[in-house]
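The values are calculated or read from the model by the stated rules, or taken from the named source; none is laboratory data. Since we're looking at a predicted model, the values are computed, not measured. We place every Cβ from the backbone using ideal geometry, glycine too, and count neighbours over all the protein chains shown.
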Amino acid sequence: MLRAVFNASCFGLIALAAGCTVFPNPEPPRFMEMAMPEVPRQSAQRIPASLRVDTPLASEPLNGSLILAKPSPREFRAYEGVRWRDTVPVVVRDALVGAIRQSDLYTGVITDTNPARADLTLATELSGFHAESPESGPEVVIEVHLQMIHNRSRASLCNDTVRVVEPASGSSIDEIVDAFGAAGGDLAARVIEWARTCDYPSRLLLSPETDPPRQP
């Protein structure tokens, strides 16, 4: 009995010294970044207002960091061993903020984590951010509902839904992520064009600091 205990103890010490475990350590996941879209500066007149871009609203599983595929209309699956570097809504928000800043369309662009005040808010709802595999080949889908809000009056100035479908060059995770980057660039360009053509009454763009004095 003592010999059996001694042998078991020796085996345990050898395994510990060798760094072995009963259960293998899983490989750490790869954290992927969606390529930031390159957007040219707007040649049209700049909108004399500051913009806050809210983090998109999204429900499960679009509000997590998994890279999703949709093999059927009723099913989501996640790519194994890989995630986005943050939650999907934050990835989309950061892509839009970077692109709108590059466009120089507004006098200033901030996120909803910034305590500063802004004249306008871009509110969004995310209803698609996944890969699909139709007969024509793999592709990614991004679908976002947009609403431009004037912060002082809370008036909705314009709204729309943008759906982008981008073919992927293959089915590997790197090719799928590249397709997300291309789709993000298309989304950003369409959002900027939509924002540029939004109806901005001049009186709504006046901030409290720039309101004309009231007549007695």
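In this structure, is Gly137 within 16 Å of Ala182 (Cβ to Cβ) and either touching a Leu at 6+ places or on another chain (Cβ under 6 Å) or at pLDDT below 95 (or both)?
Against the criterion (within 16 Å of Ala182 (Cβ to Cβ) and either touching a Leu at 6+ places or on another chain (Cβ under 6 Å) or at pLDDT below 95 (or both)), Gly137 qualifies.
Based on what the data block shows, is Val162 under 22 Å from Ala118 (Cβ atoms), modelled with pLDDT of 95 or more and in a helix (DSSP H, G or I)?
Taking the combined requirement at face value, the residue does not satisfy it.
Does region 167-182 contain at least one residue that is surrounded by fewer than 20 Cβ atoms within 10 Å (Cβ to Cβ) and part of a strand (DSSP E or B)?
Checked region 167-182: at least one residue is surrounded by fewer than 20 Cβ atoms within 10 Å (Cβ to Cβ) and part of a strand (DSSP E or B).
Look at Val165 and say whether it is within 23 Å of Pro29 (Cα to Cα), aliphatic (A, V, I, L, M) and out of contact with any Pro (no Cβ under 8 Å at 6 or more places or on another chain).
On the way: within 23 Å of Pro29 (Cα to Cα): no; aliphatic (A, V, I, L, M): yes; out of contact with any Pro (no Cβ under 8 Å at 6 or more places or on another chain): yes.
No.
Kindly establish whether Gly181 is within 20 Å of Met34 (Cβ to Cβ), at pLDDT 95 or above and more than 19 Å from the chain's Cα centre (by Cα). Working first, answer last.
Working: within 20 Å of Met34 (Cβ to Cβ): yes; at pLDDT 95 or above: yes; more than 19 Å from the chain's Cα centre (by Cα): no.
The answer is no for Gly181.
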